[in-house]
1. Mind checking the alpha-carbon convex hull of the stretch A:69-381 and giving the volume per residue in Å³?
2. Taking N as the number of residues in the stretch A:330-433, what value does Rg over Cα atoms divided by 2.2 N^0.38 Å take?
3. Mind checking the mean number of beta-carbon atoms from other chains within 10 Å of the Cβ atoms in B:428-439?
4. Taking a label point 7 Å from the Cα of residue A:354 along the Cα→Cβ vector, which residues of the stretch A:300-343 have an amide N closer than 16 Å to it?
5. Pick out which of A:76, A:290, A:148 has the largest mean-square fluctuation in a Gaussian network model of chain A, springs linking Cα atoms closer than 10 Å.
6. Dividing the alpha-carbon Rg of the stretch A:382-433 by 2.2 N^0.38 Å yields what?
7. I need the Kirkwood Rh of the stretch A:52-205: take the reciprocal of the average 1/r across all distinct C-alpha pairs and report it in angstrom.
8. Once you place label points 7 Å from the Cα toward the Cβ at residue A:371 and residue A:406, how far apart are they in nm?
């Protein structure tokens, strides 16, 4: 019975997608193959271990997000201005999954940094061609396959060997439609040997219409490169997001990722990092603040496939209202990946009796000379700390705010860029007032 | 150097010491599983109609289920359920009254196991007393100390005896914690279980001795399906021990048991297991598939259930002793040492389900992997909505010996109430060279140093075991890890 309805759902989505397929540019056979992969895997249900706590099937049942409609109103440069995170950043604007050059501001980019539409890049750029669809594997997840089949646009960011980009590249994703719909932006970031780059991806929505953004970002970090990758999710209550980021990191590189989930009705982040050469380092930071009926699910995979790499992960959550927060961190240490250091921490504060936290920090280790640990804790606000503040005349509400703020601050403090940090502090103050 | 090699050589060549076969006349059911077999087992045991009905219901449900294969971190060929004999019993009717009537071969078996009934008998009146119920090929053959226990009103007998003599208790409690619909192997067990132990501690009684069950698979081509049911009524206390061994065979044998524990108001049950089923040889040939469902319910307030397990045997271990914390202020504990060597695979852990108010649970799990084995901890802590002030602490440590083994942790934590506090921490490490160097310097050779360090690493769990078991467990740890370093 269940299998029947599940198949029907997949078929319904497929028939909609197939009809649209003919109108899409690019490699038609690659799109077709990806759609076949999607058919093979089907829409994940809560019976899939990786989607146990967040039911994509239910999401599609609510509304299929299949309509193709016009934007509520044209997104203006004023809107984009409002979404500024770091003043002075180069801006790439993607509205409903389509790269809009007119709204983007790329004139300040230094030499050695290339930013262009991915649709053009996969045709004209040798590097984009080389890496496109090689880092995110269609057969590993139905949403990646769906994106490969359906994506229309997105951005390709490339930084040349030894180059340093002194301003962040801000990719502004905006969802704004008049009927429920799905977008499939596809991005590719390639940092060449010894380069240094900061990329901010922000996700916003305009209007009350249900949208699903199924974004896939592939990241290639070459030897000795340094890449700070921020994802700031501040969408409205009608926005749904399926965010997949796949990273391959080479020797001596340092990839740091910062994920801030402050908005959206349904947010799922898949972050997969694999180390393919020795002496690679990666730091993963995440903060989710949820309330209402929101669902935020963070899945991370760090794959230590070779020896002498280091990964460190810190995810924290403040969970209020009737919201649900999910964390699943996987660390794989493959056979012979000796001298691996891998740490993982997940901490949550529950502020409401109706809120739920599901966490699963997972270690799979096949080598013996390693240092791996994980820890997770979930609880209410520290009563002793509360008492301390109350005894000194701080009102209950402010004391609570102060403690929650301090809890969240630990993640924000790890952000190296002062402008982004200031933005986040501001946003947190706003969220918690 | 020569000395060290000699010791290593000796250790590497040491084999499973419980791998003997006892020559007891055994009665088999024909291989295969169908309703007739279920009826055959029930008839053999002269069971009342309601028991047969229960078995048949379970069997029919089992037919609708699928063998679980994909979720656990285990890899093994599918079990052929039609190639197993579901009933094997020693032919000579065992008696419960006199030691002289026990089959001498059986007595020898127990002597080999080191739990001679004769010796146990001589211990009557002495300080260290253990009442033993021995189960061979899933039929209970001998229960000792029955009279002493009966004086206190404690019922400790084989499951089939209890079906006849205490049907009201069995009907009330059987399947109340692990219903036959629970999982594939619980359904199978409910349909074909041949025997097991039943224990009931009446109100306010503190059981004066450790109760113990020894399980042994003896015949080839059989599965062992026993059921244990322990009920501690209001204010009662019992400490229960379980030991398991099996002969060495080239084939894989199936062991699918069900253990149910009920602790009423103020009741306390402490359940300790030393599991040493035959793990298979160095190449992973043979060994027991140990697929066990163990669950307890703290039904009344202030009740407590504590699971302690030392898992060293079995080719594959799949078990999650769990506690449902339903009563207010109830406590659940899980202490585990799981050792895997050679080609063994273990996927074990616990579930702590917090439902009542002010409930507490502690999970201490120590995994040791050596050889080419894989050892996983899989646990669930769930704080239900309304489970006010629930508290959990979990610690899962893994020790890796050698670079071909694996240690994995899969902790599921689900929190639906803001007053709950849950902490989980896990570490993975190997034995430090500095620790070994320290021991070597003081004249302790490497092999012994490892034994010392491992015992220290497991101390938190071993301390929970009753004294007799703790000694056995320490020896077992040393034996299981022999030859894993060098």
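All of the numbers you see were taken from the coordinates with simple rules; none came from a lab. The structure displayed is predicted, hence computed values, not measured ones. Cβ atoms come from the backbone with ideal geometry, glycine included; neighbour counts cover every protein chain shown.
1. 124 Å³
2. 1.43
3. Per residue, the number of nearby Cβ atoms from other chains is 2 on average.
4. Of the residues in the stretch A:300-343, A:319-325 have backbone N under 16 Å from the label point off residue A:354.
5. A:76
6. Relative to the 2.2 N^0.38 Å estimate, the stretch A:382-433 comes out at 1.28.
7. Over the stretch A:52-205, the inverse of the mean reciprocal pair distance is 16.8 Å.
8. For the pair residue A:371/residue A:406, the computed spacing is 2.9 nm.
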